[in-house]
1. Cβ contacts < 7 Å: first residue open to solvent by 100 Å² or more (accessible area, probe 1.4 Å), restricted to segment 68-93; second residue in a loop (DSSP other than H, G, I, E, B), any location; separation 6+ or different chain. Result?
2. Please specify each residue of segment 5-37 satisfying the condition of being touching a Cys at 6+ places or on another chain (Cβ under 8 Å) and closer than 15 Å to VAL81 by Cα.
3. Would you pick out the residues in segment 1-22 that are open to solvent by 70 Å² or more (accessible area, probe 1.4 Å) and not in a strand (DSSP E or B)?
4. Among the residues of segment 28-42, count how many are closer than 16 Å to LEU66 by Cα and open to solvent by 30 Å² or more (accessible area, probe 1.4 Å).
5. Does VAL25 count as open to solvent by less than 80 Å² (accessible area, probe 1.4 Å), aliphatic (A, V, I, L, M) and more than 14 Å from the chain's Cα centre (by Cα)?
6. Which of (1) open to solvent by less than 40 Å² (accessible area, probe 1.4 Å); (2) under 13 Å from VAL6 (Cα atoms) is the odd one out, the single condition PRO45 does not satisfy?
Amino acid sequence: MVAYQVGLPCWKLAAFLKLPLKATVKSMFDKEAQVYIATCEDFLPRLGIATEAETTEKLKESLDGLFEEAINETFGRKLSVKVIPVFELTSIL
């Protein structure tokens, strides 16, 4: 699937046109806490995203909700656009 990277020039136009977007998510697994942690800086300077969950499925669900909030915050209204996370494993704690 072709998707436009959040944060690149004209990404807001792509979102307004309801084209799929992608966002880079740095993720890691914390062995001690037994949780997956994910962060995304693509929506900066407006907001950063950080979440954690016990499973990768729950982490994806949490990110989906946070991406929706980030889009709504960026545009000041509800905008139906899909944001696809692109995961980068940063480390295992």
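1. GLU73/ARG46; GLU73/LEU47; LYS82/PRO20; ILE92/LYS31; LEU93/LYS31; LEU93/GLU32
2. Of segment 5-37, the ones touching a Cys at 6+ places or on another chain (Cβ under 8 Å) are 23-26.
Residue satisfying the conditions is ALA23 alone.
3. MET1, VAL2, LEU8, PRO9, CYS10, LYS12, LEU13, PHE16, LEU17, LYS18, LEU19
4. Pass one, segment 28-42, residues closer than 16 Å to LEU66 by Cα: 36-42.
Subsequent filtering for residues that are open to solvent by 30 Å² or more (accessible area, probe 1.4 Å) retains 36-37, 39, 41-42.
So the answer is 5.
5. On the way: open to solvent by less than 80 Å² (accessible area, probe 1.4 Å): yes; aliphatic (A, V, I, L, M): yes; more than 14 Å from the chain's Cα centre (by Cα): no.
Criteria not met by VAL25.
6. Every listed condition holds for PRO45 apart from (1).
The values are calculated or read from the model by the stated rules, or taken from the named source; none is laboratory data. Source: prediction; values computed, not measured. As a convention, Cβ positions derive from the backbone with ideal geometry for all residues, glycine included, and neighbour counts pool all protein chains shown. We work out accessible area using only protein heavy atoms, side chains counted, and drop any ligands, DNA or RNA first. Shrake-Rupley method; radii C 1.70, N 1.55, O 1.52, S 1.80 Å.
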